[in-house]
Amino acid sequence: MGLVTRLSWRNLVRQKKRNLFLGICIGFGMMILVVANSFSHGMVDVLINEVVSYAFGHLVVDGTQGNSYFTMIRDKERIVKIIEENIKPEDLLEINENLGMMGRAVGNGEADNVVVVGVTIEEDEKYFFNDFFTLLDGNFDDYFSTDYEYPVIVSSAMAKSLNVKVHDTIKIRIPMVTGQIQAAKLTVIAIADASNTFMNMVLFMQGYRVKELLGYKPWESASLQVTLRDPLKTAKYYADILHEKLKPGVICVAGKIGRADCQLVAFKHHDQAKEALRAEVTIVAGDPEKAWEKRGVMVSKALAQKLGLKAGDKFNYSYQTKFRGIYEEEFTVDAIYDSRTKLGADVLLVNEERIHDILNTYLPAEFQEFLAEDDPLYTALATEWKLLRRSKDSQELEKLYKNERKNKSTQSRLNIITMYEGASDILKLEAVLNLLTMNAVLILFFIILIGVVNTLRMTIKERTREIGTIRAIGMQKRDVRNVFIMETLFLTALSCIAGVTLGIVVIKVLGAFTFNSTGALSIILKDGRLVFKLAPLSILGNFLLILVIACVTAYFPARHAANLSAVEALRHYE
Amino acid sequence: MAKRIITVLVCSLFIVSGFIYAAPGVNDLLAEIDEMMDLESDGTAKVKITQQKAGEGVKVYEAIYYLRDRDDAFLIIMTAPEVEKGNGYLKQDDNFWMYRRNTRTFQHINRDESIAGTNAKGGDFENKKLTELYKPTLNEAGEEIITETMIGKVPVYQFELTAKTEDVTYPKVIFWVRQDNYLPLKTEGYSLSGTLMESAYYLKYTRIGGKYMWVKAMFVDEFEKGNKAVVEIQNISLQKIEDHVFTKTYLENLSK
């Protein structure tokens with residue numbers, strides 16, 4: 001084998017010009033492959049880390065209520081606890097509120113649309129700013145200052161658009177979670193360039209200040225973004241677990257009517273549920289039609305007798321809330337039902353649409369367990385929230401939300417989304433880019449390999465007499481074949497290594513340029529630069545693939561050379 | 001003795017005149033305005049909005065508006081400008097749809113969404129009573145904030161209201177209403193933080209079906225200076241409208 005290797009190497013060096021030309025072609029192809037591959041990986045990395053994870057989060061617990069376009073989780077503490085209990089601490093990096101709202105800003109004589117975003121960070125975490133922004137003017141420390149009512153960090157592009165400088169004020173108008181209009185004066189404490197163009201229209205403020213502006217109560221939250229250590233591996237896994245753990249219980253709230261204890265139980269506002277309940281609940285007084293309507297209220301006969309209530313009477317029901325003390329609501333008895341049911345004697349039966357808004361605003365301190373889950377009546381009872389089914393991708397998610405928009409219920413909805421559903425189209429981009437790159441490279445290599453075949457054929461033709469000589473002095477057919485294959489292998493391997501090296505140089509050079517783009521290109525820029533991310537395994541795989549293709553391609557002409565008769569070969573004359 | 005009698009008489013006169021000329025209560029004024037302006041009838045009208053935005057010039061929007069009194073269903077079909085022509089909005093029960101002529105599709109929208117890119121929202125077209133939405137703002141002494149003042153040469157009552165529900169755009173509103181017939185001449189809407197956001201001037205009223213209705217109003221954006229919209233309502237008819245008008249099919253046909 002040593003002789004074969006030495007001969008192959010010598011032959012490779014013998015025909016420098018031809019091999020150099022072929023080597024340049026192979027190396028160039030490899031360089032293109034490395035650059036394209038790194039570019040697609042870098043682009044996806046930017047999209048995931050700079051766009052998807054900020055815009056969608058690795059995993060999001062999304063809450064909505066009624067038809068509001070605001071996200072709303074009424075009991076943040078409870079949901080955060082469930083998240084923390086079910087995601088391993090080593091996998092959980094942080095949980096953030098996705099606080100943001102589009103509004104209108106007026107600076108010094110200029111106006112623009114802005115997105116006000118709340119970023120909750122402590123003073124000792126301010127390194128975040130240096131990772132994220134390039135400070136141009138002002139001081140990031142003022143972000144935590146209480147000297148200003150609403151200190152805000154503005155991008156240089158937005159500062160220019162609004163014609164403001166540090167310590168100038170910006171007036172903003174934004175809608176609140178309630179639908180009312182809010183206005184505020186923000187003080188520019190820093191002007192900075194964000195690493196991503198998406199951040200140019202964003203005004204950054206402390207999370208609690210944005211919450212206050214948007215009208216969230218301290219215990220409420222916008223959707224919760226969960227940042228995971230390895231989202232590609234764990235996001236879907238934890239999303240499924242959280243989906244299971246966030247299954248809601250039925251609405252059953254212990255309260256009082258006067259001094260009498262009772263349980264408020266809500267039934268679903270759809271025909272199937274009502275049918276199931278009708279089979280169990282017999283109305284003995286009042287207006288049955290009204291009782292089953294959207295705002296219907298029914299009192300059990302035993303409770304009505306205890307309180308001296310008749311159909312049409314008004315009464316006050318009170319319960320202990322979690323954050324707001326005792327809440328009292330006035331109801332009218334639409335009907336009285338026979339209390340000899342499995343629902344129990346002290347039950348106030350209410351249509352869910354009558355109670356969701358109240359329970360969402362005045363969260364009960366506790367929801368009681370009511371009926372067993374396998375009880376046929378259980379599914380007729382309204383739940384604390386509606387847990388939306390998991391979606392496979394963006395299209396399915398969009399369809400789900402579209403259907404939910406038609407649903408006019410005031411019930412809260414919870415949805416668990418990972419970036420795969422929230423931004424599946426962006427993530428598909430990587431696969432598409434890789435495919436395109438691979439196709440382009442295969443075409444390139446097909447052309448190159450035709451070159452290899454031709455070169456070998458020419459070489460074999462030129463060396464026919466030489467082949468005859470070495471065969472005559474005793475070299476085996478197999479060795480002759482291997483000399484040619486090894487020669488191609490050396491050429492391809494050296495060219496590929498040179499191509500990879502050149503590719504890395506090109507990446508460094510291209511990555512050093514700064515682009516002042518605000519167009520579509522800016523989406524894939526980080527700090528104004530193209531991002532390349534070398535994928536060593538992918539490059540190694542391609543390298544091996546090319547070697548195999550080269551060997552296979554060289555095999556047939558090499559075998560042809562090896563099979564030449566020594567006598568015929570010696571007689572060959574050009 | 002005579003001096004005492006005169007003093008008592010003068011005081012009584014002041015007290016009586018005080019009762020006679022005292023400003024009415026704010027709740028009474030609101031109820032009066034609601035009563036005066038509640039048409040209690042179906043209605044059709046042509047609505048023209050001339051919107052001026054700073055740096056964007058003037059745009060004129062025109063639409064035909066159909067209202068069913070029974071359930072407050074309404075239908076709006078845009079007739080101008082050309083890019084909006086044929087687009088429409090339909091509200092029925094809790095459903096609010098936007099129709100796009102180009103794609104021939106209906107889309108569920110939120111009542112807080114803009115109508116045809118103007119400052120008007122779906123919710124603005126709902127028939128709501130002031131007494132349901134607002135209550136008088138009380139000062140530190142627990143009294144209603146109401147004063148008598150003038151707008152130009154017209155004597156008016158100026159009073160402040162606070163939202164009763166969250167279902168209003170402005171949590172605080174100030175009204176200026178004529179003293180002689182209680183018609184609002186001007187309103188100011190304030191944000192929760194107390195910033196003046198919008199002033200509305202009701203320039204012209206008409207009497208129809210025994211009720212009052214403003215037919216020309218100017219809405220000035222006080223937040224972003226230079227933006228304003230003049231809304232004119234023309235060709236008002238209070239004839240009953242058939243139920244088939246408030247359907248998707250009818251909107252599609254109108255759009256053609």
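The values are calculated or read from the model by the stated rules, or taken from the named source; none is laboratory data. If you're wondering where the values come from, they're calculated on a predicted model, not measured in any experiment. No Cβ is skipped: glycine too gets one built from the backbone with ideal geometry, and neighbour counts run over all protein chains shown.
Observations on the structure shown:
- The single residue among A:ARG389, A:ARG413 that is part of a strand (DSSP E or B), modelled with pLDDT of 85 or more and farther than 20 Å from A:LEU228 by Cβ turns out to be A:ARG413.
- Options B:VAL177, B:VAL173, B:VAL168, B:VAL156: the member that is at pLDDT below 90 and either within 14 Å of chain A (Cβ to nearest Cβ) or buried (at least 18 other Cβ atoms within 10 Å of the Cβ) (or both): B:VAL168
- With a requirement of 1 or more residues that are surrounded by 15 or more Cβ atoms within 10 Å (Cβ to Cβ) and basic (Lys, Arg), the strands (runs of 3 or more DSSP E) lying completely within region A:222-291 that satisfy it span A:252-257.
- Given (1) at pLDDT 85 or above; (2) in contact with a helix residue (DSSP H, G or I) (Cβ under 7 Å, 6 or more places away or on another chain); (3) farther than 18 Å from A:GLY27 by Cβ, index of the condition A:VAL552 fails: (2)
- Meets criteria (of a type outside the set (Lys, Arg), more than 23 Å from B:SER191 (Cβ to Cβ), in the same structural domain as A:GLN206 (by TED's automatic domain parsing) and free of Cβ contacts under 8 Å to residues at least 40 places away in the same chain) for A:PHE128: yes
- Matching residues in region B:197-207 - criterion: being among the aliphatic types (A, V, I, L, M) and either surrounded by fewer than 16 Cβ atoms within 10 Å (Cβ to Cβ) or part of a loop (DSSP other than H, G, I, E, B) (or both): B:LEU203
- Of the strands (runs of 3 or more DSSP E) contained entirely in region A:104-202, those carrying at least 1 residues that are within 22 Å of B:THR195 (Cβ to Cβ) and within 14 Å of chain B (Cβ to nearest Cβ) fall at A:111-118, A:169-175, A:181-194.
- When B:ALA63 is tested against (1) more than 20 Å from the chain's Cα centre (by Cα); (2) among the small types (Gly, Ala, Ser); (3) assigned to a strand (DSSP E or B), exactly one condition is not met: (1).
- Enumeration of residues in region A:203-219 that are assigned to a loop (DSSP other than H, G, I, E, B) and either surrounded by 21 or more Cβ atoms within 10 Å (Cβ to Cβ) or away from chain B (no Cβ under 14 Å) (or both): A:GLN206, A:TYR216, A:PRO218, A:TRP219
Residues checked against (1) surrounded by fewer than 22 Cβ atoms within 10 Å (Cβ to Cβ); (2) among the aromatic types (Phe, Trp, Tyr); (3) touching a Ser or Thr at 6+ places or on another chain (Cβ under 9 Å); (4) touching a residue at least 40 places away in the same chain (Cβ under 8 Å):
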position	(1), (2), (3), (4)
A:GLY308	yes, no, no, no
A:ASP313	yes, no, yes, no
A:TYR319	yes, yes, no, yes
A:PHE323	yes, yes, no, yes
A:GLU329	yes, no, yes, no
A:LEU349	no, no, yes, yes
A:ALA365	yes, no, yes, yes
A:GLU369	yes, no, no, yes
A:ASP374	yes, no, no, no
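- Taking (1) closer than 21 Å to B:ASP34 by Cα; (2) touching a Gly at 6+ places or on another chain (Cβ under 8 Å) in turn, B:GLY189 satisfies each apart from (2).
- A:LEU444 in contact with a Gly (Cβ under 6 Å, 6 or more places away or on another chain), assigned to a helix (DSSP H, G or I) and either of a type in the set (A, V, I, L, M, F, W, C) or in the same structural domain as A:ILE549 (by TED's automatic domain parsing) (or both): yes
- Any hit, region B:168-180, residues being hydroxyl-bearing (Ser, Thr, Tyr) and not in a strand (DSSP E or B): yes
- Single residue of region B:80-96 satisfying the filter (buried (at least 16 other Cβ atoms within 10 Å of the Cβ) and farther than 22 Å from A:SER68 by Cα) that is farthest from the other protein chains (Cβ to nearest Cβ): B:GLY86
- For beta carbons closer than 8 Å, sequence separation of 6+ or different chains, a first residue in region A:64-76 that is closer than 11 Å to B:ASN110 by Cβ and within 14 Å of chain B (Cβ to nearest Cβ) and a second that is among the hydroxyl-bearing types (Ser, Thr, Tyr) and in a loop (DSSP other than H, G, I, E, B), the qualifying pairs are A:GLY66/A:SER409; A:GLY66/A:THR410.
- Failed item, numbered, when B:LEU192 is tested on (1) part of a loop (DSSP other than H, G, I, E, B); (2) aliphatic (A, V, I, L, M); (3) more than 14 Å from chain A (Cβ to nearest Cβ): (3)
- Within region B:102-111, not a single residue is surrounded by 15 or more Cβ atoms within 10 Å (Cβ to Cβ), in contact (Cβ under 8 Å) with a residue 12 or more places away in the chain and more than 14 Å from chain A (Cβ to nearest Cβ).
- Check on A:TYR319, of a type outside the set (Gly, Ala, Ser) and touching a Pro at 6+ places or on another chain (Cβ under 6 Å): yes
- Being at positive phi and facing chain A (nearest Cβ under 9 Å) is a property that B:GLY142 lacks.
- Within region B:114-136, being among the acidic types (Asp, Glu) and under 11 Å from the mean Cα position of the chain (by Cα) holds for B:ASP124, B:GLU126.
- Tally of residues being polar (S, T, N, Q) and either within 14 Å of another protein chain (Cβ to nearest Cβ) or assigned to a loop (DSSP other than H, G, I, E, B) (or both) across region A:358-386: 3
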